[in-house]
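The values are calculated or read from the model by the stated rules, or taken from the named source; none is laboratory data. What you see is a predicted model, and the numbers here were worked out from it, not measured in a lab. Quick reminder, even Gly has a Cβ in these numbers, built from the backbone with ideal geometry, and neighbours come from all protein chains shown.
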There are 2 protein chains.
Amino acid sequence: QHLLLEARKLISANADVYIQRLSEAIAIPSVSTDLVHRDDCFAMADLLHRWIEDLGGSAEKVLVGFQELDDGTRYDLPPVILGEFADPRRMNKPTVLVYGHYDVQPAEAGDGWKTDPFKLTEVDGDMYGRGSTDDKGPVLAWLWAIEVYRELGVELPVNLKICFEGMEESNSECLGDLLERETKRGGFLSDVDYVVITDNYWVTKEKPCLTYGLRGLATFECEVRGGSQMLHSGVHGGCIAEPMTDLVQILAAVSAMGHGDIGIEGCGKDASAELTEDEEELYRGISFDTDTFREDSGGVVKLVGENAQEVLMNRWRYPALSIHGIEGAYSGTGFKTVIPGSVTGKFSIRLVPGQDPKGVEEAVKSVIEERFAEMKSPNELRITSSSSKPWLANPKSGLYQAGAAALLKVYGVRPDLTREGGSIPITDMLQEKIGVETMLLPLGQSNDGSHSNNEKMSRKNYLRGVQVLFSLMTEVARVHG
Amino acid sequence: QHLLLEARKLISANADVYIQRLSEAIAIPSVSTDLVHRDDCFAMADLLHRWIEDLGGSAEKVLVGFQELDDGTRYDLPPVILGEFADPRRMNKPTVLVYGHYDVQPAEAGDGWKTDPFKLTEVDGDMYGRGSTDDKGPVLAWLWAIEVYRELGVELPVNLKICFEGMEESNSECLGDLLERETKRGGFLSDVDYVVITDNYWVTKEKPCLTYGLRGLATFECEVRGGSQMLHSGVHGGCIAEPMTDLVQILAAVSAMGHGDIGIEGCGKDASAELTEDEEELYRGISFDTDTFREDSGGVVKLVGENAQEVLMNRWRYPALSIHGIEGAYSGTGFKTVIPGSVTGKFSIRLVPGQDPKGVEEAVKSVIEERFAEMKSPNELRITSSSSKPWLANPKSGLYQAGAAALLKVYGVRPDLTREGGSIPITDMLQEKIGVETMLLPLGQSNDGSHSNNEKMSRKNYLRGVQVLFSLMTEVARVHG
Ligand SMILES: [Zn+2]
Ligand SMILES: [Zn+2]
Ligand SMILES: [Zn+2]
Ligand SMILES: [Zn+2]
């Protein structure tokens, strides 16, 4: 506790430096989805690489693959930075792997941004800039936490390994191969005891949390092909088996149960893991104001769920089907009497523990094929689907106890134990390949707006984040003890 | 017959002049939907006005209204040209009203046009240019037909009245008011005996036809409102009653019967006028190759209808429901896991004689409201609809006999008596206000591409069109006689 106090003083004294460095990182537009910014990705990797070495760690930039253009030009993918702060004298320390990413989403000045997206700008305690919260702020917070131990002249309480990738916003392409290789016996990741991921957000603006579950996702594209062109309903209406007619019947069949559940066996609540007393208890404690959430969600009339607990369960622990839209039909304003030649319906199901992703894909396809057969349509049906698994950790495990203790010390409150309704594919990938306790430790707030314009991280969350990560290392060593 | 022979020689001799004048008309981009081209509309009106007077007729440009911008600026609508070639000495001649329009659809060079849309360009006997077939070619053909009588020194066999409007491509705004006024006792249109409209196309590329029926149209926009913004299915999926789920159920309910009919009482084939022996006979004679039609329709797999007759009946004499698309949902390529906040489904029903347009609107709304109520959705439903009536003339009446005789003389074949599946709202408006026999006499071919890029009229159809209209006047006088 005394150590944390010292750390806190130091962090407070160094605040300007921490923010200045974040500002330098934000100024590098390391957009991984855009080849124009490939050099910036490499520059950002260099910055982190040098910094880790300056802090006394070792690091390498690992090239994991390349993209090839039609003309044969190759572009290396942004490197994965594997870093290490190990103490050869104390082999009994636990080894913690930290995951973060240094690439960012695209951002265009003007595109709704009130400030230059690549110039960190503080307004009322919030620091605006692309990557501020996703994920450069958290990545830098880790490095400052190490720096604080160093300045205090105290050894790191854990062996720290670092994996900072530069392709997270581009589906972490090729990271799987690297993990595969490095988790083999003797590999860089073969001795990891815990994995901590700092790449998500609190459930509210006010209260810290630890995230122990994510939903998976099964996506479906259902194409009904008639002819190759848009026709006119005056000329063709009545003598064409219109693809849109088929498609709405199909979409109606898959969403047959309306709101609150999915009417396909094995795809709905019936297939979810049973709700235990323990789990229900976790939900009871969570601070969550449904009215605020409803307002922040564009003022929807009514949420599905009788109270905060039910609403959260519907978001996190139960599956949900969403129809996103239709490609190929008329989507503009006004009225246009066209008959679309081919249309593709796009929908997805959020998956939860208890469900078999491949089983869900098959069940949905069967429903579609059955409905389509009933219609005796001359059109062609093509369904493509893919799925990613849900992820669930044990929130009572040592790692989560350490996380909770660290947050309690810094924020003075026990964090909520929460899940998210979306997926962070890297989480399941790390959990599966490394096979140890994994924790999502968010540093930013619910309203940080990652991926949207005016992304920000609050000055307070950034600086307290350094304290939290500093403290977490101590706590992990303690529970491991 | 001798007279027609003389006319034919003259037309042949003057072909270059006729095409040169069409070229001048095409060079005036009289796009009524775009205020930038309002002056061009007036220029085009002047050209026709002067020409009618040069031909010895009288004409006036009638201003029918104006458009007002937000800043109060007013723009006069393009004038309606009312012209007349009357013979005061022969009051017993029938009076024929000719309808055409001098405004055109927008066209952008580059937008798929192989030639400059406002420079008439002949390629392999087809004259390409915006307005060539819709409707400047036919309008000019009328004036040349009058010119031919004049050059031959022969009196017009009918009293000819002309209504050339300049807002047809903009819903003929304000024309209704003018018709209302001029059809009153003593009005310009109060003594009309026949109405001939030259503003549609043959059913095929090869054979001329006369059109005696059009379907009406009931349009529906069905909006389901949830919140005001796009949400993310990871964050909100499961706790929101998604508007798209409601909408696909609604669209599935209105299109419940799939292909071939409409499953709402009073809206489908059950409500269509009975098929008489006489009518069936008309269909038997029509030249129509379903394979060509299928190929020209983007290669749809199969037409609805067992043979040419059934396919044509489905296009012309039976109602049809088309779902055009959805506004507000994701319509791009790729996958985006959004939850649309509000969505509007757009569909329409082609109406036929026997159906009550208002009744159809009500029946469809009831089905939607019933289905929506069943779902107990918290979302808001808003339905808007409008409708226009189908139109049907008697193809055995004198006017059609005259039309058939004229086409037989020029083309050497009896024209098919056909309908169209679309609507030409002006037709029903003229029929209703004037209340006399009305005929659609198409001059262009099925593949002329009105409203699309590379609109054309064949040189042959243009020149023969002059013969047809020349001959028609004689034939109308004869049947009226
Ligand atoms: Zn991220
Ligand atoms: Zn991200
Ligand atoms: Zn038109
Ligand atoms: Zn037209």
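Observations
- Criterion violated by A:C174 - all others in (1) within 16 Å of ligand 2 (Cβ to nearest atom); (2) on the phi > 0 side of the Ramachandran plot; (3) more than 14 Å from chain B (Cβ to nearest Cβ) satisfied: (1)
- Note on segment A:325-350: residues that are over 28 Å from A:H259 (Cα atoms) and not in a strand (DSSP E or B) total 6.
- In a residue-by-residue description of segment A:400-417, the property of being within 16 Å of ligand 2 (Cβ to nearest atom) and either of a type in the set (F, W, Y) or more than 14 Å from chain B (Cβ to nearest Cβ) (or both) applies to no position.
- Taking helices (runs of 4 or more DSSP H) as the structural unit, those lying wholly within segment A:260-323 and holding at least 2 residues that are within 10 Å of another protein chain (Cβ to nearest Cβ) correspond to A:290-296, A:308-316.
- Residue in segment A:131-152 that is more than 16 Å from ligand 4 (Cβ to nearest atom) and touching a Pro at 6+ places or on another chain (Cβ under 7 Å) present: no
- B:S366 being assigned to a loop (DSSP other than H, G, I, E, B) and of a type in the set (S, T, Y): no
- Some residue of segment A:306-326 being out of contact with any Leu (no Cβ under 8 Å at 6 or more places or on another chain), under 23 Å from B:D246 (Cβ atoms) and at pLDDT below 95: yes
- Of all residues in segment A:443-450, at least one satisfies being within 14 Å of chain B (Cβ to nearest Cβ), within 16 Å of ligand 2 (Cβ to nearest atom) and of a type outside the set (S, T, N, Q).
- You will find that of A:L430, A:L463, the residue that is in contact with a helix residue (DSSP H, G or I) (Cβ under 9 Å, 6 or more places away or on another chain), of a type in the set (A, V, I, L, M, F, W, C) and either buried (at least 22 other Cβ atoms within 10 Å of the Cβ) or without any contact (Cβ under 8 Å) to a residue 40 or more places away in the chain (or both) is A:L430 and no other.
- When A:Q431, A:Q467 are checked against the criterion of being more than 25 Å from A:D191 (Cβ to Cβ) and assigned to a helix (DSSP H, G or I), a single residue qualifies: A:Q467.
- Test: residue in segment B:358-378 that is within 13 Å of chain A (Cβ to nearest Cβ) and closer than 20 Å to B:S272 by Cα: no
- Checked against the criteria, A:G213 counts as in contact with a Lys or Arg (Cβ under 6 Å, 6 or more places away or on another chain) and either part of a strand (DSSP E or B) or in the same structural domain as A:D416 (by TED's automatic domain parsing) (or both).
- Residue match in segment A:223-234 (condition: part of a helix (DSSP H, G or I) and over 21 Å from the mean Cα position of the chain (by Cα)): yes
- Look at (1) under 26 Å from the mean Cα position of the chain (by Cα); (2) closer than 23 Å to B:G260 by Cα and you find that B:G398 fails only one, number (2).
- In this entry, A:K161 is excluded by the filter for residues that are away from chain B (no Cβ under 14 Å), basic (K, R) and within 16 Å of ligand 2 (Cβ to nearest atom).
- Filter result for A:T438 (hydroxyl-bearing (S, T, Y), outside any loop (DSSP other than H, G, I, E, B) and in contact with a Gly (Cβ under 9 Å, 6 or more places away or on another chain)): no
- Checking segment A:106-113 against the condition returns no match, with no residue being modelled with pLDDT of 95 or more and either in contact with a helix residue (DSSP H, G or I) (Cβ under 7 Å, 6 or more places away or on another chain) or among the hydrophobic types (A, V, I, L, M, F, W, C) (or both).
- Some residue of segment B:31-49 being closer than 11 Å to B:I81 by Cβ and in a loop (DSSP other than H, G, I, E, B): no
Per-residue answers, yes or no, for (1) farther than 21 Å from B:D135 by Cβ; (2) under 20 Å from the mean Cα position of the chain (by Cα); (3) hydrophobic (A, V, I, L, M, F, W, C):
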residue	(1), (2), (3)
B:L408	yes, no, yes
B:Y411	no, no, no
B:T418	no, yes, no
B:N447	no, yes, no
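- Subset of segment B:1-23 that is surrounded by 13 or more Cβ atoms within 10 Å (Cβ to Cβ) and of a type in the set (D, E, K, R) - its residue that is farthest from B:M457 (Cα to Cα): B:E6
- When A:H236 is tested against the conditions (1) within 14 Å of chain B (Cβ to nearest Cβ); (2) surrounded by fewer than 19 Cβ atoms within 10 Å (Cβ to Cβ), the lone failure is (2).
- The criterion of being surrounded by 22 or more Cβ atoms within 10 Å (Cβ to Cβ) and more than 18 Å from B:R21 (Cβ to Cβ) does not hold for B:L152.
- Sole residue being of a type in the set (S, T, N, Q) and free of Cβ contacts under 8 Å to residues at least 60 places away in the same chain, chosen from B:S388, B:S423, B:S331, B:S348: B:S331
- From the list A:T133, A:T115, A:T121, A:T95, the lone residue that is more than 16 Å from ligand 1 (Cβ to nearest atom), surrounded by 20 or more Cβ atoms within 10 Å (Cβ to Cβ) and among the hydroxyl-bearing types (S, T, Y) is A:T95.
- Counted residues, segment B:190-206 - those being more than 16 Å from ligand 3 (Cβ to nearest atom) and under 18 Å from B:R459 (Cβ atoms): 2
- Hits in segment B:209-233 (condition: in contact with a strand residue (DSSP E or B) (Cβ under 7 Å, 6 or more places away or on another chain) and either under 19 Å from A:T292 (Cβ atoms) or aliphatic (A, V, I, L, M) (or both)): B:L210, B:L214, B:L217, B:A218, B:V224, B:G226, B:M230, B:L231, B:H232
- Here A:V364 fulfils each of the conditions (1) over 24 Å from A:P415 (Cα atoms); (2) touching a Lys or Arg at 6+ places or on another chain (Cβ under 8 Å); (3) modelled with pLDDT of 95 or more apart from (2).
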